[in-house]
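> First, the structure itself, so that you have it in front of you.
The values are calculated or read from the model by the stated rules, or taken from the named source; none is laboratory data. The model shown is predicted, which means the values in this text are computed figures rather than measured ones. Here the Cβ positions follow ideal geometry from the backbone for every residue, glycine too, while neighbour counts run over all protein chains shown. The accessibility values were calculated without ligands, DNA or RNA, using every heavy atom of the protein model including side chains. Shrake-Rupley method; radii C 1.70, N 1.55, O 1.52, S 1.80 Å.
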Amino acid sequence: MMKFNTKTIHGGQEIDAAYGAVIPPIYQTSTFAQSIPGGHKGYGYARSSNPTRHALEKSLASIENGTYGLAFGSGMAAIDAILKLLKPGDEVISTSDLYGGTYRLFTKIFADFGIVFRFVSMADPAQIENYISNATKLIWIETPTNPMMSIIDILAVSKIAKKHQVLLAVDNTFATPYLQQPLDLGADIVMHSATKYLGGHSDLIMGALIVKNKELAEQLYFIQNASGAICGPQDAFLALRGIKTLHVRMQRHCENGRAVAEYLAQHPKIEKVYWPGFKTHPNHHIAKAQMKDFGGMLSFSTKGNNYKEAIRIVENLKVFTLAESLGGVESLVGHPASMTHASIPKEDREKTGIVDSLIRLSVGIEDVDDLIADLKQAIN
Ligand SMILES: *Cc1c(COP(=O)(O)O)cnc(C)c1O
């Protein structure tokens, strides 16, 4: 079997049949000619399938060690498709430390359709069993989590899911398959916001699902085609291009992430650095076991927990751009209390560690000396 660094470039890829193009062309077409009714060369109508998207879907399956990949118009559209596997009355057990958009989709859309959500802290997976009932159909996890960088033991959760015949879906956006491959750890569905590290260049919005089981793939494909939240061929082309360098980008994201985490940890003005690579991180041993390295995402808080000072730091950064999102080649900074988590009441947000001075970094692949110098001038 191909190794990961080869799969990102060649996994599931074929030379284009028409002219031998090495890179899958952008098939910017809505439909395909039929010689007789129903007689086409594998592609009928582009919502159902498109050669550029298909090439991407095969690449996605390959890099996640799955069998089937599905590409959507956004990460949220991919999650939406998973939830459409369920019926009113079905229950979902979800990690409580969750991407805000996922929480909104669960509680503001699918709860109204009669799906019941139970939010559980999964730092200790044994907790999950207390919430399983006959109606439980899906366990939803995210690891590392945003922005607190908590780690959930995927293998331990998958054992619980299998014991109770419940599907396990893992949002693998932060880690990417370079760092962890949830299907190999027993997950049924891997989900990505391909907008982030897979695309890698902050130039597209896309979602992905990868599974091993044929029946599950067919159900999800039926939903994808019926609901129609596919990605276009131009975006599929960009994502394929991004995936080809995933391994080299991730290697540098990890190196730079480590250097920045270590710099911040020794800085006298810094209170706490949240990064799973530190031995002091509560689930460091799990991160070490299930991840190849620790990634480029980290958060930190400053001493005195001053809201204004945190704002001053993010505004003074010059190489780090103040923006939502993550996972691109360029470094980004966010202030969860005033940006992504502003709608959560202060008391609730502080309970989960999102204090006023918390700052989140998506460490890019610039020269690390410039990143550290930028942090130094902004903090001092
Ligand atoms: C961004 C993100 C999503 C949503 O994906 P979109 O592509 O923005 O729709 C879901 N989960 C995580 C962890 C994310 O970071």
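> Give the distance, in whole Å, between the Cα centre of the stretch 164-200 and the Cα centre of the stretch 73-111.
Using only Cα atoms to place each centre, the spacing works out to 15 Å.
> When only alpha-carbon atoms count, how far does the stretch 114-219 stretch along each of its three principal axes, as whole angstroms with the largest first?
Its Cα atoms span 43, 35, 30 Å along the three principal axes.
> Taking 0.36 nm per residue of sequence separation and subtracting the Cα-Cα distance, how much length would be gained by fully extending the chain between MET1 and MET148, in nm to one decimal? Show your work: numbers first, answer last.
Numbers: separation 147, 0.36 × 147 = 52.92 nm, distance 3.58 nm.
Fully extending the segment from MET1 to MET148 adds 49.3 nm.
> Using a 10 Å cut-off on Cβ atoms, rank the peptides 186-194, 90-98 from the highest mean neighbour count down. Let's see the in-between values first.
On the way: 186-194: 26.6, 90-98: 21.2.
Per-residue Cβ counts within 10 Å, averaged per peptide and sorted highest first, yield 186-194, 90-98.
> Extension gain SER35-LYS288, at 0.36 nm per residue separation less the Cα-Cα distance, in nm? Don't skip to the answer; put the middle values down first.
Values: separation 253, 0.36 × 253 = 91.08 nm, distance 5.55 nm.
So the chain would gain 85.5 nm between SER35 and LYS288.
> Would you be so kind as to identify which of PRO51, LEU98, ASN146 lies farthest towards the positive end of the dipole of the stretch 4-243, taking Lys and Arg as +1 and Asp and Glu as -1 on Cβ and the Cα centre as origin?
My answer, from the dipole projection, is PRO51.
> In Å², what does the accessible area per residue of the chain work out to with a 1.4 Å probe? Write down the numbers at each step before the final one.
Working: 16750 Å² over 380 residues.
Ligands and nucleic acids excluded, the figure is 44 Å² per residue.
> Assuming R0 = 22 Å, can you tell me the calculated FRET efficiency for the pair ARG104 and LYS308, based on Cβ-Cβ distance, to the nearest 0.05? Can you show the working numbers first?
Values: r = 29 Å, r/R0 = 1.30.
Working from the Cβ atoms, E equals 0.15.
> Given the Cα atoms of the stretch 1-59, and with Rh set as the inverse mean 1/r over their pairs in the Kirkwood sense, what is Rg to Rh to two decimals? Provide the component values of the computation, followed by the final result.
On the way: Rg = 13.4 Å, Rh = 12.8 Å.
Answer for the stretch 1-59: 1.05.
> Another question, then. Report Rg(Cα)/(2.2 N^0.38 Å) for the stretch 156-263, keeping two decimals.
1.22
> For HIS285, what accessible surface area do you get with a 1.4 Å probe? Give it in Å², rounded to 10.
For HIS285, solvent-accessible area is about 120 Å².
> A further question on this structure: Run the accessible area of the stretch 4-243 with a 1.4 Å probe and give the carbon-and-sulfur part as a rounded percent. Mind showing how you got there, number by number?
Details: 5490 of 10090 Å².
In the stretch 4-243, the share of accessible area belonging to carbon and sulfur is 54 percent.
> What is the helix-to-structure angle for 214-227, meaning the angle in degrees between its Cα long axis and the longest Cα principal axis of the chain, kept from 0 to 90 and rounded to the nearest 10?
Roughly 90 degrees between the two axes.
> Right, next: What three numbers, in Å, describe the spread of the alpha carbons of the stretch 52-109 along their principal axes, ordered from the longest?
35, 23, 20
> Then there is this: Under a cut-off of 29 Å between alpha-carbon atoms, report the lysines in cross-link reach of LYS108, not counting same-chain residues fewer than 8 places apart.
List returned: LYS84, LYS87, LYS137, LYS162, LYS196, LYS346, LYS351.
> Also, I was wondering about something else. Find which of VAL260, HIS335, THR280 sits farthest along the positive direction of the dipole of the stretch 246-379, computed with +1 on the beta-carbon of Lys and Arg, -1 on that of Asp and Glu, about the Cα centre.
About the Cα centre, the residue reaching furthest to the positive side is THR280.
> A follow-up question, please. When the accessible area of the stretch 246-379 is split by element with a 1.4 Å probe, what percent falls to carbon and sulfur?
Working: 3190 of 6020 Å².
Roughly 53 percent of what the probe reaches on the stretch 246-379 is carbon or sulfur.
> Something else: Tell me, in nm to one decimal, what length is gained between GLU366 and LYS318 on full extension, where the rule is 0.36 nm per residue of separation less the Cα-Cα distance? Provide the component values of the computation, followed by the final result.
On the way: separation 48, 0.36 × 48 = 17.28 nm, distance 1.26 nm.
The GLU366-LYS318 span can extend by a further 16.0 nm.
> Cα centroid distance between the stretch 299-359 and the stretch 6-34, in Å?
Between the Cα centre of the stretch 299-359 and that of the stretch 6-34, the gap is 41 Å.
> Quick one: dipole size for the stretch 246-379, taken about the Cα centre, charges +1 on Lys/Arg Cβ and -1 on Asp/Glu Cβ, in debye to the nearest 20. List each step's numbers first, then the result.
On the way: 17 positive and 17 negative charges, 76 e Å.
With only Lys, Arg, Asp and Glu charged at Cβ, the dipole is about 360 debye.
> Please compute, over every Cα-Cα pair in the stretch 4-243, the percentage with a separation greater than 23 angstrom.
On the way: 13765 of 28680 pairs.
Tail of P(r) above 23 Å: 48 percent of Cα pairs.
> Quick one: putting +1 on the C-beta of Lys and Arg, -1 on the C-beta of Asp and Glu, what dipole do you get for the chain around its Cα centre, in Debye to the nearest 20? Spell out each step's value before the answer.
On the way: 37 positive and 37 negative charges, 72 e Å.
For the chain, the charge dipole is close to 340 debye.
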